[in-house]
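Participant: Sharing a structure here in structure tokens format.
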Amino acid sequence: MPPKAKITKDMVIDAAFEIARKTGAENINARTVSKKLNCSTQPVMYHFSTIEELKKAAYAKSDSYHTAYLMNIGKQQEDVLLEIGFNYIRFAIEEPHLFRFIFQSGFAIENSLPEMINSEELTPIISVFQKTMDMCIEKTKEIFLTLAMFVHGYASIVSNNSLEYDEELIKVHLKQVYTGAILAAQYTSAQIPKEKQDTGQSGFSL
């Protein structure tokens, strides 16, 4: 009789990820993962002493999958934020269980908007956008944050089955918010004295 295939840690994480993707992260447990791997619960608990640790590992894989999905964009960098924004909403439609796991489960590392906007993962996106818009980094982040809050709200509504999906309407709304955020940032800059712009002061505080 041939020996049984060894169950690796990555196999356990992949199985938990697939469960989160298909039926929701709340269904990740030793029994469901072992069933998916066609093994006993022993290998699962060997690699992860608690289900909480396994869920954190599955979350990290889900987060990486989400980032790759967002960055699957065209070559026209002037529309990079619009494309990423649309991918964000489309992800919530195509992967509702993963969307809720990533953003509504409490496993996120960032605990505030400043932490999110200054995270290492967003640096390349914001840098590209800053070069395209030819704005200071503070204004670039303001525009990005406005668009991010809009797409997250839109995606959350859609993922919870409260809004019918209309691709063309979503694109229209994204364009309106994007354009409005740019105009607002430009208007605010025009109202700030030159000396404050040079020192990076925005003229208001959060």
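Every number in this text was worked out from the coordinates using simple rules, so none of it is lab data. All values reported here derive from a predicted model rather than from experimental measurement. Every residue, glycine among them, receives a Cβ derived from its backbone with ideal geometry; neighbour counts consider all protein chains shown.
Participant: Gap in Å between the Cα centre of region 123-148 and the Cα centre of region 20-54?
Facilitator: 40 Å
Participant: Using a cut-off of 10 Å between beta-carbons, work out the net charge of the residues near residue 15 (Lys and Arg +1, Asp and Glu -1, residue 15 not included).
Facilitator: Surrounding charge for residue 15 is -1.
Participant: Past 28 Å, Cα to Cα: identify those pairs from 141/171; 22/175; 6/55, in the order given.
Facilitator: 22/175, as the Cα separations exceed 28 Å there.
Participant: Separate question: Which cross-chain or sequence-distant (5 or more) residues have an amide H under 5 Å from the amide H of residue 95, H modelled 1.01 Å from N in plane?
Facilitator: none
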